[in-house]
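Read through the structure below, which is laid out as structure tokens, and then see the notes.
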Amino acid sequence: MRTPLVAGNWKMHLRVREALDLVGALRQALDGLAGVEVVVCPPFTALADVGRALAGSTIGLGAQNVHWAPQGPFTGEIAAPMLREVGCTHVIVGHSERRHGLGETDAMVQRKVAAALAHGLVPILCVGETLAEREAGRTEDVLAAQLGAGVADVGAADAARLVVAYEPVWAIGIGRPATGAEANRVAGLLRTWLGERFGAAAATVRVLYGGSVTPETVGEFAAQPQVDGALVGGASLQAEAFASIVRAVLGARVAP
Ligand code: PEP
């Protein structure tokens, strides 16, 4: 059985003091919880402080982006060894806000996923179609291309460490998620494609759903057999909301 994962994407929110307040509250609510993996992804400026505040915690630390080079003349970028140095275990790669707002291409995502794995980081590879792509009937083509490129340089030995997040772009940040059935169908499809590429190792890849997951909507996804947790944006900025999403995901897994 796959251990579910709930990751909070704090995006470009929270100054260091606010980030520390949030992580303190999350430690109180979630530390030591077994059966579910929890990761928070603060902005770069808060990573080191939040990393220190998470010492001894069961909550993991993730970044929101990584460059593929281990160092070099890449102004404004951050390398995987730098993320490891401040305690990161995970990194979000290919988020739609980077793909569609900042020009990140499939080829860049491909290199970032490989670099993350090479440096011991778990990549949370985001894939998802826009509303226009969905309405044009291109959802599966888009997802296949994003996933195919994202894992193109991943060897079979590393495949099981991958996390894939299905994040339909039309459902992000607007309070109107996909349905559980839809998320389950797509998660199953992604796992089938991973199986064609990696064989049995695909069975252990976690596939998350992301897009307007809140304490009110999480039940819809937590109960889906192909969905192994959530990537949470807005609701991850409030300790109680995020904690209740984590508990719902765990509760659905342990329920008979
Ligand atoms: C996200 O940005 O990854 C996300 C899922 O955002 P939200 O939960 O706010 O829709």
Open item on the list: On the basis of being at negative phi and touching a Gly at 6+ places or on another chain (Cβ under 7 Å), does Thr75 make the cut?
Closed with: no
Open item on the list: Quick check on my filter: what residues within the range 1-59 are aromatic (Phe, Trp, Tyr) and in contact (Cβ under 8 Å) with a residue 40 or more places away in the chain?
Closed with: Trp10
Task: Filter result (among the small types (Gly, Ala, Ser) and within 18 Å of the chain's Cα centre (by Cα)) within the range 176-202 - done: Ala178, Gly180, Ala183, Ala187, Gly188, Ala202
Open item on the list: Out of Leu20, Leu33, Leu14, Leu5, I need the residue that is surrounded by 22 or more Cβ atoms within 10 Å (Cβ to Cβ) and at pLDDT 95 or above. Which one?
Closed with: Leu5
Task: Within the range 194-216, considering residues that are crowded, with 18+ Cβ neighbours inside 10 Å and of a type in the set (A, V, I, L, M, F, W, C), the one nearest to the ligand (Cβ to nearest atom) - done: Val213
Task: the range 169-193 - residue that is small (Gly, Ala, Ser) and crowded, with 18+ Cβ neighbours inside 10 Å and, of those, nearest to Asp228 (Cα to Cα) - done: Ala187
- [ ] Quickly run through the range 217-232 and pick out the residues that are assigned to a loop (DSSP other than H, G, I, E, B) and surrounded by fewer than 24 Cβ atoms within 10 Å (Cβ to Cβ).
- [x] Thr217, Ala223, Gln224, Pro225, Gln226
- [ ] Kindly indicate which of Gly128, Gly150 is of a type outside the set (D, E, K, R), touching a residue at least 60 places away in the same chain (Cβ under 8 Å) and within 16 Å of the ligand (Cβ to nearest atom).
- [x] Gly128
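The values are calculated or read from the model by the stated rules, or taken from the named source; none is laboratory data. For clarity, every value in this text was computed on a predicted model and none was experimentally measured. Cβ atoms come from the backbone with ideal geometry, glycine included; neighbour counts cover every protein chain shown.
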